[in-house]
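Since every read-out is calculated from the coordinates, none of them should be taken as a lab result. Since the model is a prediction, treat every value here as computed from it, not as a measurement. Glycine gets a Cβ as well: all are built from the backbone with ideal geometry, and neighbour counts include every protein chain shown.
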Amino acid sequence: MVAKRFPVEAGHILMFARAVGDDNPVYSDAENASAVAVGGIVAPPTFVQASAQFDDDWALRPRIGEPWFGSGATASGVERSAGEGGSGLHAEQHFTYHRPLLAGDVLSATTREGKTWEKHSERAGTLAFRESITEYRDAAGELVVTARSVGVKTARVVR
């Protein structure tokens with residue numbers, strides 16, 4: 001993921017917090033957030049994942065008028081060929097905060113590959129793990145959040 005510009009806005013923080021069912025006032029009330037020494041409205045821990053919507057090339061973002069590999073038992077418009085082997089899934093996600101993420105911050109994100117490794121599964125065959133590391137920096141270039149994601153691809157489909 002490469003978000004060249006990711007504005008962190010109070011309204012987006014409020015909607016994100018509501019969407020995940022978290023009514024902590026630090027996500028909506030600047031006075032409350034300042035009283036707990038955060039310095040303003042703070043973003044929830046997983047908020048940086050929303051930056052994907054600011055990446056025009058993000059593969060999982062739906063595009064109007066184009067087939068999209070959605071979720072569920074049947075993809076919503078994209079068919080997999082029989083020879084494509086197994087499937088992939090998101091296995092882990094970790095966030096390291098170097099400082100609180102606040103409303104008003106404008107971030108950029110860059111992603112690099114991390115470690116890779118394999119394990120064996122009786123049902124799925126070889127499991128290929130791949131780590132991806134995304135760094136979110138503020139307008140001054142200071143590191144705010146490091147996100148580490150691990151995906152796994154199976155050698156064969158497990159039913």
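Observations, loosely collected:
- Spin-label model distance (nm) - L14 vs S121, 7 Å beyond Cα toward Cβ: 4.2 nm
- Each of the peptides 107-119, 39-51, 141-153 was scored by the mean count of other Cβ atoms within 10 Å over its residues; in descending order, highest first, they stand as 39-51, 141-153, 107-119.
- Point-to-point label distance, E142-F129, nm (Cα→Cβ direction, 7 Å offset): 3.4 nm
- Positive-end ranking of H120, V42, L89 along the dipole of the stretch 6-154, with charges on Cβ about the Cα centre, is headed by H120.
- Lys, Arg +1 and Asp, Glu -1 on Cβ, resulting dipole of the chain about Cα centre, debye, nearest 20: 640 debye
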